[in-house]
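Take a look at the structure below.
The values are calculated or read from the model by the stated rules, or taken from the named source; none is laboratory data. Since the structure is predicted, the reported quantities are computational estimates derived from the model, not experimental observations. Virtual Cβ from ideal backbone geometry, glycine too; neighbours counted across all protein chains shown. When the accessible area is computed, the model is the full protein with side chains, heavy atoms only, and any ligands, DNA or RNA have been set aside. Shrake-Rupley method; radii C 1.70, N 1.55, O 1.52, S 1.80 Å.
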Amino acid sequence: MSTVFGGIEAGGTKFVCAVGTGPDDVRAEIRLPTESPEITLGKVIDFFRAQQEQHEIAAIGVASFGPVDPDPNSATFGYITNTPKPGWANTPVAATLEEAFGVPIGFDTDVNVAALGEHSWGAARGLDTFVYLTIGTGIGGGGMVDGKLMHGLIHPEMGHIAIPHNWERDPYSGTCPFHGDCWEGLANGPALEERWGQPGEQLPPGHEAWALEAHYIALGVTSIMMIMSPQLVVLGGGVMEQEHIFPLIHQEVKSQLNGYIQSPTVLDGVDSYIVPPALGGRSGVLGAIALAQRALKDAEQN
């Protein structure tokens, strides 16, 4: 029986589960709607139990929507904590999986795990300090500093930084229930739809929405560049599937920096510095497989 790893991309609208060892070796994959914790985790467990009939699952990694507790030393490690997602607050995801399977469980934020996927097999291979940002239903950020996934007091909440809001240019008040016009509140997918009356994917490339969206995305990116000095910025998520926005973001970033960061990487190669994920929409679930591999290694060392 072959040894594989389980990966779970736990999203607010869907769960993606897979078993394999990497992007070229995915043995099985399933997508499930996010229902109640009991129903959703029950279906997840059923999927992996069925896979155990054919494979030995050595560990499982979870890339979760949040907020979460990613601290292995915490009593609530592996919990989804104070999420506004109805029914999911204080859900012990990692403990439920560990009880079901008795294998090491890796658990982290969806963006950190997507960053790990890009580091393992995608755009960030060979780098030790980079950021992965997702611009979609929300805005989230994760990544690595000196080869380690970013944690701290809890985990980064980059989407909730404050950015300049020109009320004359954009009178829209923002979507964030906590902060109104924070970065997420002004630039996520729902803000696009509410401001312009239709989803971003229905707006033509020349629509004025995209110049404003690029402006807001660049404001957040340049702030993070100043703080982290990342070697690469990866922009994923549903909004970034409209790839015509990348040149606008590149132009905005250079304009906003105004020559302050004197690096050829930014001055001459910004289009190779701010990039889409090389793994596309699979960064999360593949990153979860990489996280499972890390979890097994950590368990063996301890």
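Kindly provide the set of residues from region 81-91 that are surrounded by fewer than 17 Cβ atoms within 10 Å (Cβ to Cβ) and either touching a residue at least 40 places away in the same chain (Cβ under 8 Å) or not in a loop (DSSP other than H, G, I, E, B) (or both), ordered by number. If the condition is that a residue be surrounded by fewer than 17 Cβ atoms within 10 Å (Cβ to Cβ) and either touching a residue at least 40 places away in the same chain (Cβ under 8 Å) or not in a loop (DSSP other than H, G, I, E, B) (or both), then 84, 85, 87 are the ones that fit. When 134, 109 are checked against the criterion of being crowded, with 24+ Cβ neighbours inside 10 Å, out of contact with any Asp or Glu (no Cβ under 8 Å at 6 or more places or on another chain) and within 24 Å of residue 84 (Cα to Cα), 109 stands alone in meeting it. Output the number of residues of region 175-207 satisfying the condition of being on the phi < 0 side of the Ramachandran plot and in a loop (DSSP other than H, G, I, E, B). Of the residues in region 175-207, 14 are on the phi < 0 side of the Ramachandran plot and in a loop (DSSP other than H, G, I, E, B). When the criteria are applied in full, residue 101 fails the requirement of being open to solvent by less than 20 Å² (accessible area, probe 1.4 Å) and at pLDDT 95 or above.
The residues listed here are 40, 83, 129, 91; of these, the one that is of a type in the set (Ser, Thr, Tyr) and under 23 Å from residue 225 (Cα atoms) is 129. Among the residues of region 76-91, those identified as at pLDDT 95 or above and over 20 Å from the mean Cα position of the chain (by Cα) are 76, 87, 90. Restricting attention to region 189-211, the residues that are more than 14 Å from residue 135 (Cα to Cα) and among the aliphatic types (A, V, I, L, M) total 3.
Scanning region 50-63 for residues that are of a type in the set (Gly, Ala, Ser), touching a helix residue (DSSP H, G or I) at 6+ places or on another chain (Cβ under 6 Å) and within 18 Å of residue 16 (Cα to Cα) yields 59, 61, 63. Those helices (runs of 4 or more DSSP H) of region 208-302 in which 2 or more residues are on the phi < 0 side of the Ramachandran plot, surrounded by 22 or more Cβ atoms within 10 Å (Cβ to Cβ) and in contact (Cβ under 8 Å) with a residue 60 or more places away in the chain occupy 208-228, 283-301. Within region 169-180, does at least one residue satisfy the condition of being closer than 26 Å to residue 129 by Cβ, assigned by the TED database to the domain that holds residue 245 and open to solvent by less than 40 Å² (accessible area, probe 1.4 Å)? So far as region 169-180 goes, no, none of its residues is closer than 26 Å to residue 129 by Cβ, assigned by the TED database to the domain that holds residue 245 and open to solvent by less than 40 Å² (accessible area, probe 1.4 Å).
Take residue 60 and tell me if it is touching a Phe, Trp or Tyr at 6+ places or on another chain (Cβ under 8 Å), over 22 Å from residue 298 (Cβ atoms) and of a type in the set (A, V, I, L, M, F, W, C). So residue 60 does not fit the description; no. The set of residues in region 139-168 that are in a strand (DSSP E or B) and closer than 15 Å to residue 108 by Cβ comprises 140, 141, 142, 143, 144, 145, 148, 149. Of these, 124, 94, which one is in a loop (DSSP other than H, G, I, E, B), at pLDDT 95 or above and more than 22 Å from residue 213 (Cβ to Cβ)? Unique residue meeting the criteria: 124.
For the condition on the phi > 0 side of the Ramachandran plot and in contact (Cβ under 8 Å) with a residue 12 or more places away in the chain, what is the one hit in 78, 117?
Only one candidate qualifies: 78.
Among the residues making up region 181-203, none is closer than 14 Å to residue 137 by Cβ, open to solvent by 10 Å² or more (accessible area, probe 1.4 Å) and polar (S, T, N, Q).
Here's the yes/no breakdown for (1) under 19 Å from residue 273 (Cβ atoms); (2) over 17 Å from the mean Cα position of the chain (by Cα); (3) of a type outside the set (A, V, I, L, M, F, W, C):
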{"residue": "123", "(1), (2), (3)": "yes, no, no"}
{"residue": "127", "(1), (2), (3)": "yes, yes, no"}
{"residue": "130", "(1), (2), (3)": "yes, no, no"}
{"residue": "149", "(1), (2), (3)": "no, no, no"}
{"residue": "157", "(1), (2), (3)": "no, no, yes"}
{"residue": "164", "(1), (2), (3)": "no, yes, yes"}
{"residue": "169", "(1), (2), (3)": "no, yes, yes"}
{"residue": "173", "(1), (2), (3)": "no, yes, yes"}
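Looking at 184, 168, can you tell me which residue is touching a Cys at 6+ places or on another chain (Cβ under 6 Å) and at pLDDT 95 or above? Testing whether each residue is touching a Cys at 6+ places or on another chain (Cβ under 6 Å) and at pLDDT 95 or above leaves just 184. Filtering region 61-88 to residues that are touching a strand residue (DSSP E or B) at 6+ places or on another chain (Cβ under 7 Å) and farther than 12 Å from residue 108 by Cα leaves 81, 88.
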